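S.K.: I have a structure I would like to understand better, so I am pasting it below and will then ask my questions one at a time.
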């Protein structure tokens, strides 16, 4: 990029920041790094500007690069990280107008990062980018010392289960002894209650009841975990009887921390992209109106914008659909199309022309960006009208003879579509699985239980995942789940021998 | 300044992508039996690459069971029942990322690469580490260099005269240096002495040189060591030719599986030999009681009733080698596919011995019996197989379910018994192994 282009970009960036502030967006100092497409592709694949080596990252890199080089689409468009001092990439070979667009888009993201409660939480972990950069050096060292295959096996195992955690993103897993003490205190309190409370309603406690509580207390003193935990990786890091060597603990801890810091992004991906797209349109329009970009540049921007927000016949285009969602929310709240009166109105004609002049649109969209996750947004704002307006449907690939697959639209009922979206946005499609016992059979076997949410687990994947867990647990691992829509309990297990 | 120019890139992506491809290769090796037995591959012509849908690899995780059919959310005009598109079962690649189920990226594999993977699986060296097999062939005589001795008829006059002229000038210079006289006097002396240095010197000393010539007219002076003769050399050429003589018993019932098994085996043999030799020919011989040369189409199509004389095919192979493919110029591979029936095994054995004595690279016998039962090894082997075992003193073994009988030590004779698709890979391996192909 020529120095005069860089200078112009710096000027434009300053103006864009002011425009963002005028629109009420939160801003901060952002590092924009001008770099190669390759580095952006790496950033897209590795989750962080620099991260440790793993073949799954390489696979994604290869995929993005192939699409980028051969189809011309998937231009490395924007990469911005939710860091204390946020960082974004600009690609040196991208057209100037596209880099301006990226800066505008990034300002939308930054506001979202600063204001959305999930992303604020994601930022509360230690400096995750620095940790990733340091980890990349340490892991390389481990590879040299303990063998690349061995390190890969541990990374594989950690990555397989990295997303498993408590479904409350704000939940901080207390340490095991604290939980144990608390549970013991509760049981003791029950015993004391029998002793102390004088009441004529009080039943006389039976010796059985006391014995039961005492048994529970005894069990509690050794039970691990004292209470089931969803943070499988953390439990294994702390309790694995393998035992894990310090470098393995390090590898698994890095993987867990990265997943925890990225999880809030997953929970809000749609709103985040929709919000950034919503604002880049407005910021770019202002630049054009102020004569800071040429009509030609604005034309190039429009082209890219159209490409990014193109409808996808067989996919969910976050940019398009969540952009429409913010526009829809703004219009509805500006015209007062919410609340009981509106919802109970049967006349389509009246609904169509409904306008109370409420003017609450901006307030509402800023509220959504601050407090909502994607799932909450789907539940509340993906109305029948919105789903129809967006022409969403469910498709299925039906396999015929000779392996041919026919793709067909199978459903356009808004309530079915909403149901599917909600499922997709709950726990990012990750089943709830908890550690029930780390000393099963008194032999340090690991007992996991799948918490049924109406769906069966895929048995092949389940067994393959148990194999991975076995690699870092070292003893037999069990998984209890349910099969075939019946109340039949299924137990998978893996003890290190292939079957 | 918030806009900064970046530090250089790490190349980590490429390195890790290689690791992913390595892992994919491991998967391909596991799938090799399926891949090489794929009919759409073995019936294709020309094209050296095949497209195989290979799933991008992922890590396992606990996940919801989905039906066999994929589904998802889409956007656009249309209503339930509308068809959006198709994805063909084999062959055609889907555009990555354009269609649902983008997990499948159709990867192109060159046939050469498949063969390499087979080698890797066998623990054999890679192709680039091998040299093209070449034969040194004598094609007659040619005039080679110039030598100092030889028969008179091969005297190279031109070269000899050149040598003679050189001697003249040499003599002249030496004489001038020796006597300090002018060129003309020395020349006259040499001429008078008939080119003999000693005499010329004597003439000058006795001052009896007649100055008969006024300019130097050089003439060649011949000494025995100035004679130059042409050399006759044996003319040779490096050639890299291989021929497969493919023979098939067409008597009895034809069924698709038999055709398929021999076709698949031949396809891969040819592909393999093409990696090793510059030129590979293939001749097809069909036989019942008599043998004839047929086209490739007919080879896999025709059938006839009646008896079987395998020797007729081997006999025809012998005469083909004599007329068209002498073993000093061709690497010859003879492959015979039969169900093991034979009217005259003694003569068959005789003809095979002749082939081996001719120096063919190998004789392969593929017994194609898809309908045979598994107990075959322990119970009755086919008549022909038993004869081969006995007469050639073969050693029997079983590799990945494939029954093999092979010649001991240097006897280039390999018998395999193909009964199912899964046998193609071990059959090829037994062929590739031990450099059997490279004799």
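S.K.: By how many nm would the segment from residue B:296 to residue B:196 lengthen if fully extended, with 0.36 nm per residue of separation less the alpha-carbon distance? Please report the intermediate quantities before stating the final value.
M.R.: Details: separation 100, 0.36 × 100 = 36.00 nm, distance 7.69 nm.
That pair, residue B:296 and residue B:196, stretches by 28.3 nm at full extension.
S.K.: Same structure again: Most exposed first by the Cβ proxy, i.e. fewest other Cβ within 10 Å, how do A:283, B:184, B:245 rank? Mind showing how you got there, number by number?
M.R.: Numbers: A:283 24, B:184 14, B:245 27.
With the fewest neighbours first, A:283, B:184, B:245 line up as B:184, A:283, B:245.
S.K.: Rank the residues A:11, A:356 as a footprinting-exposure proxy: fewest other Cβ atoms within 10 Å of their Cβ go first.
M.R.: Working: A:11 11, A:356 14.
Going from least to most buried by this count: A:11, A:356.
S.K.: For the range B:144-232, what is the Kirkwood estimate of the hydrodynamic radius, computed as the reciprocal of the mean inverse distance between distinct Cα atoms, to one decimal in Å?
M.R.: Values: mean 1/r = 0.0718 Å⁻¹.
Radius from the Kirkwood sum: 13.9 Å.
S.K.: Still on this structure, I have one more. Among DSSP beta bridges lying fully in chain A, give the percent that are antiparallel, nearest 5.
M.R.: Details: 21 of 30 bridges.
The antiparallel fraction comes to roughly 70 percent.
S.K.: For the range A:318-425, what is the largest minus smallest coordinate of the Cα atoms on each principal axis, given in angstrom and ordered from greatest to least?
M.R.: 59, 34, 20
S.K.: In addition: Using a Förster radius of 30 Å, what is the FRET efficiency between residue A:354 and residue A:379 based on their Cβ-Cβ separation? Nearest 0.05, please.
M.R.: Working: r = 22 Å, r/R0 = 0.74.
Between residue A:354 and residue A:379 the formula returns 0.85.
S.K.: Next question. How big is Rg to Rh over chain A, alpha-carbon atoms, Rh as the Kirkwood inverse-mean-distance radius? Walk me through the numbers before you get to the answer.
M.R.: Details: Rg = 26.9 Å, Rh = 26.3 Å.
In chain A, Rg relative to Rh is 1.02.
S.K.: Would you list the P(r) distribution for the protein assembly as shown, with all Cα-Cα distances sorted into 10 Å bins from 0 and each bin expressed as a whole %?
M.R.: Once binned at 10 Å, the Cα pair distances of the protein assembly as shown give 2, 8, 13, 15, 13, 12, 10, 8, 6, 5, 3, 2, 1, 0, 0, 0, 0.
S.K.: For the range A:431-494, what D do you get in µm² per second when you plug the Kirkwood radius from alpha-carbon pairs into Stokes-Einstein at 25 °C and 0.890 mPa s?
M.R.: Working: Rh = 11.9 Å.
It diffuses with D of about 206 µm²/s by this estimate.
S.K.: Quick check: pseudo-label points 7 Å beyond the Cα along Cα→Cβ at residue B:257 and residue A:212, how many nm apart are they?
M.R.: 6.5
S.K.: Would you please put B:314-325, A:164-175 in order of how densely packed they are, using the mean number of other Cβ atoms within 10 angstrom per residue and starting with the highest? Could you put the intermediate results ahead of the total?
M.R.: Numbers: B:314-325: 18.0, A:164-175: 13.7.
Ranking, from highest mean packing down: B:314-325, A:164-175.
S.K.: Which parts of the range A:46-65 would a label at residue A:146 reach, counting a residue when its backbone N lies under 20 Å from a point 7 Å out along Cα-to-Cβ?
M.R.: Hits in the range A:46-65 for residue A:146 at 20 Å: A:51-57.
S.K.: Counting DSSP beta bridges with both partners in the protein assembly as shown, what percentage is antiparallel, nearest 5?
M.R.: Details: 63 of 104 bridges.
Looking only at bridges with both residues in the protein assembly as shown, the antiparallel portion is about 60 percent.
S.K.: Still on this structure, please answer the following. Would you mind calculating the gained length between residue B:205 and residue B:354 on full extension (0.36 nm times residue separation, minus the Cα-Cα distance), in nm to one decimal? Write down the numbers at each step before the final one.
M.R.: Working: separation 149, 0.36 × 149 = 53.64 nm, distance 8.09 nm.
Value of the extension gain: 45.6 nm.
S.K.: Let me ask something else about it. Rounded to the nearest 10 degrees, what's the angle between the helix A:246-267 long axis and the longest principal axis of chain A, both from Cα atoms, 0 to 90?
M.R.: 50
S.K.: Here is a follow-up. What three numbers, in Å, describe the spread of the alpha carbons of the range A:384-423 along their principal axes, ordered from the longest?
M.R.: Principal extents (Cα only, largest first): 40, 20, 11 Å.
S.K.: Also: Please give the average number of partner chain Cβ atoms lying within 10 Å of the Cβ of each residue in A:305-318, rounded to a whole number. Can you show the working numbers first?
M.R.: Working: counts 0, 0, 0, 0, 0, 1, 4, 6, 10, 14, 9, 4, 3, 0.
Counting Cβ atoms of other protein chains within 10 Å of each residue's Cβ and averaging gives 4.
S.K.: Give me A:289, B:396 sorted ascending by neighbouring Cβ count inside 10 Å, so fewest comes first.
M.R.: Values: A:289 10, B:396 13.
Ascending Cβ contact count within 10 Å gives the list A:289, B:396.
S.K.: Let me ask something else. Give the average, rounded to an integer, of partner chain Cβ atoms located within 10 angstrom of each Cβ in A:32-39.
M.R.: Working: counts 5, 6, 4, 6, 3, 1, 5, 8.
Per residue, the average neighbour count from other chains is 5.
S.K.: Under the rule of -39500 (n - 2.57) per DSSP H run of 4 or more residues, summed and divided by the residues of chain A, what mean residue ellipticity at 222 nm is obtained, to the nearest 500 deg cm²/dmol? Numbers along the way, then the final one.
M.R.: Details: 21 runs with 288 residues, N = 499.
Roughly -18500 deg cm²/dmol at 222 nm, from the helical runs in chain A.
S.K.: Shielding by partners for A:43-56, please: the mean number of other protein chain Cβ atoms within 10 Å of each residue's Cβ. Intermediate results must be reported in sequence, preceding the final value.
M.R.: Values: counts 1, 1, 4, 4, 0, 0, 3, 3, 2, 2, 6, 5, 12, 8.
Shielding by partners across A:43-56 averages 4.
S.K.: In whole angstrom, how long is each semi-axis of the equivalent ellipsoid of the range B:240-438, when you take the square root of 5 times every eigenvalue of its Cα gyration tensor and sort them from largest down? Mind dumping the intermediate values first?
M.R.: Values: eigenvalues 97, 74, 61 Å².
The equivalent ellipsoid of the range B:240-438 has semi-axes of 22, 19, 17 Å.
S.K.: Still on this structure: Using 0.36 nm times the number of residues separating residue A:36 and residue A:66, minus their current alpha carbon distance, what extension gain do you get?
M.R.: Details: separation 30, 0.36 × 30 = 10.80 nm, distance 1.57 nm.
Taking residue A:36 through residue A:66 to full extension adds about 9.2 nm, to one decimal.
Only the coordinates and a few stated rules stand behind these numbers; no lab work does. The structure presented is a predicted model; accordingly, all values stated were derived computationally and were not measured. Here Cβ is always computed from backbone atoms with ideal geometry, including for glycine, and neighbour counts include all displayed protein chains.
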